[in-house]
Each structure stands twice: as structure tokens, then as C-alpha cells.
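Read through the structure below, which is laid out as C-alpha cells, and then see the notes.
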């Protein structure tokens, strides 16, 4: 269980999101310290995507409050959106546009002062130079993921939200992406919130894991302590215990 | 990161330019899209032009109304394609699954609307200018000879088309692609009611009440007055502007309400039906 952060990058306070027949998120609270990497884990329908969407200002809470860099979401989202970014499999970049055109558009949208310079730097860092002027739709999955990563870093965000950043990638490319994310976080001191079903990825990247089930937080700790507490050898086994109700997850005080 | 000072303000021309640029890149890279912008306006203009020639040869009274059919079809295209240009650009973001990227970026709704308005004008100009030149060559009808009056007609028709498109965009955000057919067909409701090709007097009295509630009706009546009687009806244009101001205000309010509802229902990330 984590102590409350004094000046959190993201603070979720008693968040409830109910749709007509379903309560997707049911009174969760957590705060993310600046510069940390946290995983939001849970099975399908656990409420991860709704939580992340609320943090991004895409969903209005039914009750409770989400603040990002001090801005209440979604009401004050314009105070925070240029300081954060995201990568998600739920969105694509326009496929007919070249990689350079896409990055140029998003660089302008995010207010980069020197868009061309930023594209050059990202092309070098993420090895995009060979296909910068090719249509995005004609790239391989791995190349598209690198482009999506470049878009998510175009504004050098203080907060990075990642939803399955390595889904559908081969192990080599996935490892490369994780390496870039680690490097970025250490270099910029960015706060990262990650939703993933890849437990190895979570163990490597994250210093905190929030476990969700049916809209509630059922555990919240470091990967090492979770593994030790559940008496398991890795996070995947802990995840299965929680998802199948086999372990003894304690209710976390909010 | 170094951020442009202009991007911290409530309305950033640079963010508007980014969206315009995105659609310009798209148009530039796709000749079928460019061809489509000119194809239907040209077909429509030719069909109505020939019809007008036939009617004029067989009716003395219609001969006086030289060019009214061609002018009608071209002004109708401003209304129809103004809305369609806006709505298609909006739909392109949904088809491309790019809406989430835009909604999670610092782009503000009012900037998005501003950009789509500019794009709709670019798209219309690509279709309209060649077709208007074709009308001069083929039928000797010069739309641009209406001068100042034409600018007023255009402005009023644009305002109506954008108002309708803005409201449809809100419906698309709220209901996903299930509302797509509205984007393609809603303006056809205006075709009989706004009396594009005939005077309002043709309608039954009770329907005339509804016709006069729509700003384009004033424009098409004004166009006929100009071409047939050589009179510019400023009174009609003032009424059209007043109605457009109300319609535009309602459309923006409706869009913002639907956007808020979409945030409540969590439909902003959905592109499906």
C-alpha cells in the first residue's frame, strides 16, 4: 500500500463511473508520484480503460474527482493536455499521411516550438529516418508502433499514459519499445501510467502495480511485494490468483 | 518542452492550421477525393443547364429567367457541399480512428470547428471554381457577374451549411457512425423546403410558414429577384443573416451539449455504430 503523494502528477479521488446498466469504476482512489511508473492491471472489464479515459478527460466522472498536474479533468483539461500524451491501440494515426506529415500535425497540435527539429530528434532516437516520408498505413506493425511512440513523445510529456504499448509486437520489437520507454522516463523524469496484460513488461518497467477487478482496486503495491505476499514466483501468477479469486487479496484502504 | 506562446491561449490559430494541414495533406495525396469534389457539381450543372435551355426555347416567360436554374444549382451546391465538406472531413477522422488522438490533444472544440469550416471552403472552392468556369464556356452564364450580391448569398448559405454540419458533428460524437447517414442526407430536407428551383409562392400556404423559417429560402428568393427582376433584395438578406445567427448559435450550443453528453456516455473513443 502506498503512502499518499504530496504533490501527485495524477490524483484519483473516490472515482465512480456508472453507465446505464454497469458501474465501470466503483469508488477508486490513488495518487501517482511524479517520476514513477505505475501499472494498472486487471482482467477485461475491470475498469482500466474507463479509468485511463477519465484521466485523459475523455470521460466525465459520475462522482469523485480526477486531477492531472493540478487540473481537474475534464473541466480544466486544457491546462494539462499539452503536458501529457498517450499511446493506445484504440486509436490510429491517419494512414494516408506520411510519418513526417503526421508528426508535423501533432507537433503543431501539441504546441512544439520547433516541430522540424523535434521530428529530427525523434527520428534519430526511435530509428524512423528510413521511413519518415512513407505513408503510415504502409508500415509494418513494429514500425507503426514506433511512429505511435514518436507521436506520444512529440511534446516531451510530463505524463505518459500507455494502453498496451507492446501488444501485437514480436518479442524483439517489444523489448526495444520497453527500452525506449525506460530511457525516456529516466531522462525526463516523466510519470508513466501503463495498462498491460504483459506481466513481464510490468515487472520490468513499473515500480508500482494497482490491481483492479470489477471496477474496484483489489491490491496496490510494488511488484516484488505483491509476488512475496501472494507467495508466488512472478506477477502473472499473482494476476491469475486475483482474477480467479484464488488468492486472498486484502481490501486496500482508500 | 518549448511551447509556442500562442498555443497557451484559448484559441490557437496554429492548432487550427494543424487540422487544416492534415486535411490538405489528405486531399493532396488522393486524386479520387479531388475528382469527387468536381464530378457531381459538374454533372448537376450540365443537367440543369440543358434543362434550362430546353425550357427557355419553349416558354417565353422562362426565357426571361436566363440562368436561374444554373444559378440555383450552383448556389444549392454551396449549401449542400459546404455542409458535406465539413461533415466528410469530420467523418474522415472517425474512419481513420484518429478522433481519440484529437480529443486527447490540446485541440479545443471551437478550434476543431474553425478548422473544419476552413476545410469545407477549400473543398468547395476546388469543386465550384472549375464548374463556374465551365458554365461560362458552355452556357454563357457567369455566376461571378452577380458580384457583391453573390458574396452575400454565399455567406448566408455557408452559415446555414456550417450550422447544420456542426450539429451533425455533435450527433456523430454522441452516437458514433450510426449517425453517419445524417451527414450525407440531412441537407436534402432543405431542398424542397428552401425552394431552390421554384418561388416560395408555389408551396401550399402552411408549408410557406416553414420555408420562411429557413435562411436559404431568402437567398434563393433573392437570387431569383436579382436574375429575373434585376433587384437586389437587401431586406431578404438581412432576414437571412438574422435567422442564420440564431441557427448558428443553436448549432454550436447543441454541439457542445452533445460533446458533453459523449463524455458522460464514454462514446468519444468509439468509432463504431
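The values are calculated or read from the model by the stated rules, or taken from the named source; none is laboratory data. Predicted, not measured: the structure shown is a model, and the values here were computed from it. Methodologically, a virtual Cβ is constructed for each residue, glycine included, from the backbone with ideal geometry; neighbour enumeration extends over all protein chains shown.
Here are some notes:
- Residue among B:78, B:43, B:55 that is modelled with pLDDT under 90 and in contact with a helix residue (DSSP H, G or I) (Cβ under 6 Å, 6 or more places away or on another chain): B:55
- Against the numbered list (1) away from chain B (no Cβ under 14 Å); (2) closer than 14 Å to residue A:85 by Cβ; (3) without any contact (Cβ under 8 Å) to a residue 40 or more places away in the chain, residue A:156 comes up short only at (1).
- Helices (runs of 4 or more DSSP H) lying entirely in region B:38-156 (those with 3 or more residues that are closer than 30 Å to residue A:148 by Cα): B:68-95, B:99-103, B:109-139
- Qualifying residue in region B:120-129 (condition: over 29 Å from residue A:102 (Cα atoms), surrounded by fewer than 20 Cβ atoms within 10 Å (Cβ to Cβ) and touching a helix residue (DSSP H, G or I) at 6+ places or on another chain (Cβ under 8 Å)): no
- Matching residues, region A:101-132, being more than 29 Å from residue A:171 (Cβ to Cβ), more than 9 Å from chain B (Cβ to nearest Cβ) and touching a helix residue (DSSP H, G or I) at 6+ places or on another chain (Cβ under 6 Å): A:115
- Complete set of residues in region A:133-151 that are under 16 Å from the mean Cα position of the chain (by Cα) and either in a strand (DSSP E or B) or within 12 Å of another protein chain (Cβ to nearest Cβ) (or both): A:148, A:151
- None of A:208, A:178, A:232, A:188 is surrounded by fewer than 20 Cβ atoms within 10 Å (Cβ to Cβ) and closer than 25 Å to residue A:50 by Cα except A:178.
- Hey, residue A:148 without any contact (Cβ under 8 Å) to a residue 24 or more places away in the chain and within 27 Å of residue A:189 (Cβ to Cβ) or not: no
- Checking each residue in region A:182-204 for being in contact (Cβ under 8 Å) with a residue 40 or more places away in the chain and under 13 Å from residue A:36 (Cβ atoms) picks out A:185, A:189, A:190, A:191, A:192, A:193, A:194.
- Exactly one residue out of B:269, B:214, B:243, B:259 is buried (at least 16 other Cβ atoms within 10 Å of the Cβ), within 14 Å of another protein chain (Cβ to nearest Cβ) and either under 22 Å from the mean Cα position of the chain (by Cα) or at pLDDT 95 or above (or both): that is B:259.
- All positions within region A:45-99 that are more than 7 Å from chain B (Cβ to nearest Cβ) and either surrounded by fewer than 18 Cβ atoms within 10 Å (Cβ to Cβ) or without any contact (Cβ under 8 Å) to a residue 12 or more places away in the chain (or both): A:45, A:62, A:63, A:64, A:65, A:70, A:71, A:72, A:75, A:76, A:79, A:89
- Only one of the numbered conditions (1) within 14 Å of chain A (Cβ to nearest Cβ); (2) out of contact with any helix residue (DSSP H, G or I) (no Cβ under 9 Å at 6 or more places or on another chain); (3) free of Cβ contacts under 8 Å to residues at least 24 places away in the same chain is violated by residue B:151, and that is (1).
- As a summary of the residue check, residue A:112 satisfies the conditions (1) on the phi > 0 side of the Ramachandran plot; (2) touching a strand residue (DSSP E or B) at 6+ places or on another chain (Cβ under 9 Å) except for the one numbered (1).
- Number of the exception - residue A:135 against (1) modelled with pLDDT of 95 or more; (2) under 18 Å from residue A:187 (Cβ atoms): (2)
- Verdict on residue B:14 being surrounded by fewer than 19 Cβ atoms within 10 Å (Cβ to Cβ), at the interface with another protein chain (Cβ under 10 Å from one of its Cβ atoms), at pLDDT below 90 and not in a loop (DSSP other than H, G, I, E, B): no
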